[in-house]
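S.K.: Attaching a single structure in structure tokens format; questions to follow.
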Amino acid sequence: MAAQVHYRTDGDVAVLTIDNPPVNAASHAVRSGIVDGLHRANGDASVNAIVLIGGGRTFIAGADIREFGQTLPPPHFPDVIDALEGSAKPVVAALHGTALGGGLEFALACHYRVALAGTKLGLPEVNLGLLPGAGGTQRLPRIVGPSKALEMILSGKPLGADEALKLGLVQQVTGQDLSAAAVAFARARAATGGPHPRARDLTDKVRGVDRALFAQVREQNARKWAGRIAELRIVECVEAACFKPTFDEGSAVERDLFVELRNSPQSKALRYAFFAEREAAKIPGLPDDLKPRSISSAAVIGAGTMGGGIAMCFANAGIPVQILDASQPALDAGMARVRDNYATSVARGSMPQARADAALELITTATRYEDIGHADVVVEAVFEDLAVKHEVFRTLDRVMKPGALLASNTSTLDVDAIASATHRPQDVIGTHFFSPANVMKLQENVRGEATSPETIARAMQLAKTIGKVPVLAGNCHGFIGNRILYVYGRECDFLLEEGATPWQIDRALQGFGFPMGLYLMRDLAGLDVGWRVRKGREAARDKSLRYSPVADRICELGRFGQKTGAGYYRYEGRKATPDPEIEKLIESVAAELGVTRRAVTDEEIVTRVLTSMANEGARILGEGIAIRASDIDVTYLYGYGFPRHQGGPMFWAEQQGLDRVLETVKRYEAEQGVLWAPAPLLVERAKAGKGWAA
Ligand code: 3HC
């Protein structure tokens, strides 16, 4: 038998234990081991029942995603399913940790399921652009009904063991020794004799279903699913479970559609994103034995929108946090905003009242720096101005206990310059959060020249603790995220002058999959902040380079975006309407600059935006500001709404072929000039004929 599945007997029950750490993914070796184990148990007259259980921290968490794309010999998933379901002796799946994807599908093919309290059961394939391809779309509706099955498979969210018990997905939940409970359960069922239930034989819940259910689901989600295919195929499969005359015919539909999805570029991008996120947490060069000290108390400087949002992140993770601001009225206003945010989450049903109350209890306020000196970490979230930040860090240096993590939520400024205000630059790091900080998942950590390995490791771990996805960036203006945003924003502004409108650019970007176009996003964030920054840097701006004054002109009209009722768009509440005045303004700027306006296509917009992102990304990678290309993609997926099923700007470029991307860059360089100079790394990698990896 394969080493990844151990066989033992407990009296008359054979126990197959999967041993494929860390998550017992159902690799080829695991599949072989299960089939062999079932064969052996069925051939042993002293065995009356079989238990399938995971060793270590979990049951099977799904197919081994790394195997997709490889050609492997049998047994394949359907072979294992047939062996489990066809076993003459009853098979009990004993679940703990996470029974996900193909793992849950194996369990559904077993005759019975017993779970340890706290187990999570789910079919998260949709997150990888897939559908449950080992019978999940056919068996689950037969057990829980099509409506609940659609909800589970389309959301990809797992259920708890208690809910699974109520739904009949498991037959017993135990708080005790899982293996012993499952063995006892199996023995008892064997004693009652067969035949043992098979989910495929259930028909009650999948017959007489109203077809309108499926039309409704498609219609309700049409906007959300625009451009994505996995969701549509999942609905087709569950529909097949209800309307195909036999289980096997429904399964054939599932098989075909699974193969289609597995081979689709969308699933490839989503699988890439899954691993990219995990890779980003790994920092080369940190000592292996480095165990960063944990963080159990926090302080945030500044009670503004960002400060409040960051404080909520700590509180949501159970970490007591103080918000410090100079004045009581500022703190009161900040706390009112925090309370409002929690109230909205409760009203939306995304957080139970008790959790919101518990989190709020953990947030306290202070006006004196001396009162926060004991905190393990302090995150500064004051106005984006170096002099102001210097002042704050000088004070933090004075009051914070030795070894405290000193973090700045700067989005563009020089982390070394900030650290220089202290006598402990080794403890200083940038932690760039994204607005709204309590919602957006990215935490862009920025290391300075003197930042210590311990500080880096601590900031990376902190992100995990508070539920963020960390990326480590080097120190430069705008780091990874905003540096690229600046470049593609600039290209969009040029496109306006050349003939596009803000609404056309937004429509094109949304068509590619961004949830919100650039100009809607700018209007939402407020145009005044960028304007102030530009004015501050105006003297230093290289006047020989092309510059679009459109954004400045809009601000000069007092149009700062949604909050003033007008920006690029005109607003009634949150509803944006294209504004002919802005079109006129753009036309007059173009005339002034001597730019001849022409018809711009949506396709050109998308290509120019993505190519500029990839070229700047290559520059960032070449300079060592990002550790790896996939870190740039993770930054964009989690901080800037880049559509996950497109993988990220660097993945996109690799899929196009770097030589093709370079050609486009060169074409723009010939047309637009030096701002489009190809990044040296792009030239090098395109010539090597490989992807971004050296
Ligand atoms: N295949 C291959 N590797 C996997 C994997 C999988 N299904 N799931 C996790 N891993 C790897 C991770 O890449 C990571 O590797 P690393 O240590 O080298 O970075 C390691 O296992 C640990 O994973 P996490 O860091 O994510 O550990 P957590 O404890 O935070 O989370 C988890 C565990 C909830 C199981 C999470 O890993 C997860 O959600 N995994 C994916 C589950 C999934 O999508 N299953 C469906 C797969 S598709 C399928 O089953 C098709 C079927 O229908 C035919």
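The values are calculated or read from the model by the stated rules, or taken from the named source; none is laboratory data. Just so it is clear, the model here is predicted, and its values are computed rather than measured. Neighbour counts are summed over all protein chains in view; Cβ atoms, including those assigned to glycine, are modelled from backbone coordinates with ideal geometry. We work out accessible area using only protein heavy atoms, side chains counted, and drop any ligands, DNA or RNA first. Shrake-Rupley method; radii C 1.70, N 1.55, O 1.52, S 1.80 Å.
S.K.: Below 8 Å between Cα atoms, with a sequence gap of 6+, how large is the relative contact order for segment 329-470 in percent? Before the final figure, lay out the partial values.
M.R.: Details: 182 pairs, mean separation 22.1, N = 142.
RCO, segment 329-470: 16 percent.
S.K.: So, by mean Cβ neighbours within 10 angstrom, what's the order for 175-183, 153-161 with the highest one leading?
M.R.: Numbers: 175-183: 17.2, 153-161: 18.9.
Top to bottom by mean Cβ count within 10 Å: 153-161, 175-183.
S.K.: Quick one: which of LYS120/LYS148; LYS120/LYS291; LYS268/LYS690; LYS666/LYS687; LYS157/LYS224 span more than 20 angstrom between C-alpha atoms?
M.R.: On the way: LYS120/LYS148 16 Å; LYS120/LYS291 29 Å; LYS268/LYS690 18 Å; LYS666/LYS687 14 Å; LYS157/LYS224 17 Å.
Violating the 20 Å Cα-Cα cut-off are LYS120/LYS291.
S.K.: What residues qualify as long-range amide H neighbours of ALA473, i.e. H under 5 Å apart, gap of 5 or more or another chain, H built at 1.01 Å from N?
M.R.: Amide H to amide H, under 5 Å and 5 or more residues apart or across chains, ALA473 pairs with ASN445, VAL446, ARG447.
S.K.: Under the Karplus relation 6.51 cos²θ - 1.76 cosθ + 1.60, θ = phi - 60°, what is the ordered set of whole-Hz ³J(HN,Hα) values for segment 580-587, x standing for Gly and Pro?
M.R.: Each residue's phi maps through the Karplus curve to give x, 4, 5, 4, 5, 4, 5, 4 Hz.
S.K.: If you roll a 1.4 Å probe over the chain with all protein chains in place, what percent of the accessible area is carbon or sulfur?
M.R.: 53 percent
S.K.: Tell me, what is the percent relative contact order of segment 619-662, built from C-alpha pairs under 8 Å that lie six or more residues apart? Intermediate results must be reported in sequence, preceding the final value.
M.R.: Numbers: 28 pairs, mean separation 12.2, N = 44.
Contact order relative to length: 28 percent.
S.K.: Follow-up. With the contact rule set at Cα under 8 Å and sequence spacing of 6 or more, what percent relative contact order holds for the chain? Numbers along the way, then the final one.
M.R.: Numbers: 1282 pairs, mean separation 58.5, N = 694.
Over the chain, the number comes to 8 percent.
S.K.: Calculated FRET efficiency, SER46 and LYS282, Cβ-Cβ r, R0 45 Å, to nearest 0.05?
M.R.: Values: r = 48 Å, r/R0 = 1.06.
About 0.40, to the nearest 0.05.
S.K.: Using a Förster distance of 25 angstrom, determine the FRET efficiency expected from the C-beta separation of THR71 and ALA252, and round it to 0.05.
M.R.: Values: r = 21 Å, r/R0 = 0.86.
So the FRET efficiency works out to roughly 0.70.
S.K.: With a ≥ b ≥ c the root eigenvalues of the C-alpha gyration tensor of segment 525-567, is it rounded (a/c under 1.5), prolate (a/b larger than b/c) or oblate?
M.R.: Numbers: a/c = 3.17, a/b = 2.09, b/c = 1.51.
Note, shape of segment 525-567 comes out prolate.
S.K.: Could you give each residue of segment 553-569 its phi-based ³J(HN,Hα) in whole Hz, using Karplus coefficients 6.51, -1.76, 1.60 with θ = phi - 60°, and x for Gly or Pro?
M.R.: Whole-Hz 3J(HN,Hα) from phi for segment 553-569: 4, 5, 5, 4, 7, x, 8, 9, x, 3, 5, 9, x, 7, x, 5, 10.
S.K.: Given points 7 Å out from each Cα along the Cα-Cβ axis, report the HIS390 to TYR486 separation in nanometres with one decimal.
M.R.: Modelled inter-label distance: 2.0 nm.
S.K.: Which value, in debye to the nearest 20, describes the size of the charge dipole of the chain about its Cα centre when Lys and Arg Cβ atoms bear +1, Asp and Glu Cβ atoms bear -1, and nothing else is charged?
M.R.: Details: 79 positive and 81 negative charges, 130 e Å.
For the chain, the charge dipole is close to 620 debye.
S.K.: Take the alpha carbon gyration tensor of segment 607-665, find the square roots of its eigenvalues, order them as a ≥ b ≥ c, and report rounded if a/c is under 1.5; if not, report prolate when a/b exceeds b/c, else oblate. If you can, show how the numbers build up before the last one.
M.R.: On the way: a/c = 1.80, a/b = 1.15, b/c = 1.56.
Verdict is oblate for segment 607-665.
S.K.: Now for a separate question. Kindly identify segment 321-404 as rounded, prolate or oblate by the Cα gyration tensor criterion: order the square roots of the eigenvalues as a ≥ b ≥ c, call it rounded if a/c is under 1.5, otherwise compare a/b with b/c, prolate if a/b is larger, else oblate. Kindly include the intermediate steps, with their values, before the conclusion.
M.R.: Numbers: a/c = 2.50, a/b = 1.89, b/c = 1.32.
Prolate.
S.K.: Can you list residues from other chains, or at least 5 along the same chain, whose modelled amide H is less than 5 Å from the amide H of VAL15?
M.R.: ARG8, THR9, ASP10, VAL51
S.K.: Additional query: Let me know the volume per residue of the alpha-carbon convex hull for the chain, in Å³.
M.R.: Details: hull volume 123.9 nm³, N = 694.
Per residue, the Cα convex hull of the chain comes to 178 Å³.
S.K.: May I pose another question? Distance from a point 7 Å along Cα→Cβ of ASP416 to each backbone N in segment 437-475: keep the residues under 18 Å and list them by number.
M.R.: It comes to 446-453, 456, 473-475, nothing else.
S.K.: Here's a follow-up. Select from segment 411-479 those GluC sites (Glu not before Pro) which occupy a DSSP coil region and have at most 15 other Cβ atoms within 10 Å, ordered by residue number.
M.R.: Working: sites: GLU444, GLU449, GLU454; in loops: GLU449.
Answer by residue number: GLU449.
S.K.: If I model a spin label at VAL529 and ASP371 as a point 7 Å from the Cα along the Cα→Cβ vector, what separation in nanometres do I get?
M.R.: 2.6 nm
S.K.: Measuring from centroid to centroid over Cα atoms, what is the spacing of segment 182-254 and segment 118-178 in Å?
M.R.: Their Cα centres are 11 Å away from one another.
S.K.: Find the accessible area per residue for the chain; the probe is 1.4 Å, ligands and nucleic acids are left out, and the unit is Å². If you can, show how the numbers build up before the last one.
M.R.: Details: 29170 Å² over 694 residues.
Averaged over the residues of the chain, the accessible area is 42 Å².
S.K.: Go through segment 596-694 and name the trypsin sites (Lys or Arg not before Pro) that are in a DSSP coil and have 14 or fewer other Cβ atoms within 10 Å of their Cβ. Intermediate results must be reported in sequence, preceding the final value.
M.R.: Details: sites: ARG597, ARG598, ARG608, ARG619, ARG628, ARG644, ARG660, LYS666, ARG667, ARG685, LYS687, LYS690; in loops: ARG597, ARG598, ARG628, LYS690.
When the trypsin sites (Lys or Arg not before Pro) of segment 596-694 are filtered for loop state and at most 14 Cβ neighbours within 10 Å, ARG597, ARG598, LYS690 remain.
S.K.: Work out, step by step, the length gained on full extension between GLU587 and ARG574: first 0.36 nm times the residue separation, then minus their alpha carbon distance; give nm to one decimal.
M.R.: 2.1 nm
S.K.: Kindly provide the helix-only [θ] at 222 nm of the chain, computed as the sum of -39,500 (n - 2.57) over DSSP H runs of four or more divided by all residues, to the nearest 500 deg cm²/dmol? Present the calculation step by step, with values, prior to reporting the outcome.
M.R.: Details: 28 runs with 336 residues, N = 694.
Using -39500 (n - 2.57) per qualifying helix, the result is -15000 deg cm²/dmol.
S.K.: Right, here's the next one. If you plug each phi of segment 431-436 into the Karplus form 6.51 cos²θ - 1.76 cosθ + 1.60 with θ = phi - 60°, what whole-Hz ³J(HN,Hα) values come out, in order, with x for Gly and Pro?
M.R.: Values, residue by residue: 10, 8, 9, 10, 8, x Hz.
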